[in-house]
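*Asks:* Let me give you the structure first, and then I'll get to my questions.
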Amino acid sequence: MSGFGASVKAEMKSKSWAVPAEGSGGETELKSVFLHPGEMYASVEPANITIILGSCVAVCLFNERLSVGGATHYLLPTLGSEGLASPRYGDVAIRRLLQELHLLGSRNKDLRACVFGGASMLQAFRSGSSELIGNKNVELALEVLARESIVIEKRDTGGVQSRKITMRTDTGAFSLKLIGN
């Protein structure tokens, strides 16, 4: 992992553990990383990233040419004018993930994206308003990826159910499971 990734990991304290790699008969251990809100992960080392989402959004990026990928899990769309730049905010989180992938040799034209989350989790807030935090989180991801000319390959956003996302960083393979209602 590059220096930036090491500092992010220390700052964000992502939990990780080793699990057998798929199809390996358990001979090789594949690192597993669970991203909590406000965390991100990118590495050349193959890993499974798991993210549980409600109104939060995950942006998963993969570079097939380099077999490298990463993801971020953010709570709110933008930092605004006050406060510390934190990956809890989508504008900061996506920028940092892109910086990390650029340090690993990626170019935006080689990246493909998946965007997940942005559900309306509370019944009281399901009035159909586009002002819901989940909607704002999704809009931010779509705007940033469009501005960076990154193709969105898969999008599963909105609704009223939580999601469990798993992404393999060296293949870009992912799974999506809806949770609840």
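*Asks:* Could you list all residues from the range 62-95 that are within 11 Å of T171 (Cα to Cα) and hydrophobic (A, V, I, L, M, F, W, C)?
*Replies:* Matches in the range 62-95: F62, L66, V68.
*Asks:* Taking the criterion of being modelled with pLDDT of 95 or more, over 16 Å from A42 (Cβ atoms), touching a strand residue (DSSP E or B) at 6+ places or on another chain (Cβ under 8 Å) and outside any loop (DSSP other than H, G, I, E, B), would at least one residue in the range 116-125 satisfy it?
*Replies:* Checked against the condition, which is being modelled with pLDDT of 95 or more, over 16 Å from A42 (Cβ atoms), touching a strand residue (DSSP E or B) at 6+ places or on another chain (Cβ under 8 Å) and outside any loop (DSSP other than H, G, I, E, B), the range 116-125 yields at least one hit.
*Asks:* In addition: Give the residues of the range 44-74 that are within 13 Å of the chain's Cα centre (by Cα), farther than 14 Å from T157 by Cα and surrounded by fewer than 24 Cβ atoms within 10 Å (Cβ to Cβ), sorted by residue number.
*Replies:* Passing the criteria: N48, T50.
*Asks:* For the condition surrounded by fewer than 24 Cβ atoms within 10 Å (Cβ to Cβ) and modelled with pLDDT under 95, what is the one hit in S81, S106?
*Replies:* Just a single option satisfies the conditions, and that option is S81.
*Asks:* Only one of (1) of a type outside the set (A, V, I, L, M); (2) surrounded by 15 or more Cβ atoms within 10 Å (Cβ to Cβ); (3) touching a helix residue (DSSP H, G or I) at 6+ places or on another chain (Cβ under 9 Å) is not met by R88, so which one is it?
*Replies:* Unmet condition: (3).
*Asks:* Which count do you get for residues in the range 137-165 that are among the hydroxyl-bearing types (S, T, Y) and surrounded by fewer than 15 Cβ atoms within 10 Å (Cβ to Cβ)?
*Replies:* Here the count works out to 1.
The values are calculated or read from the model by the stated rules, or taken from the named source; none is laboratory data. Everything numeric in this text was worked out from a predicted model, so none of it was measured. FYI the Cβ positions are ideal-geometry reconstructions off the backbone, even for glycines, and counts take in every protein chain you see.
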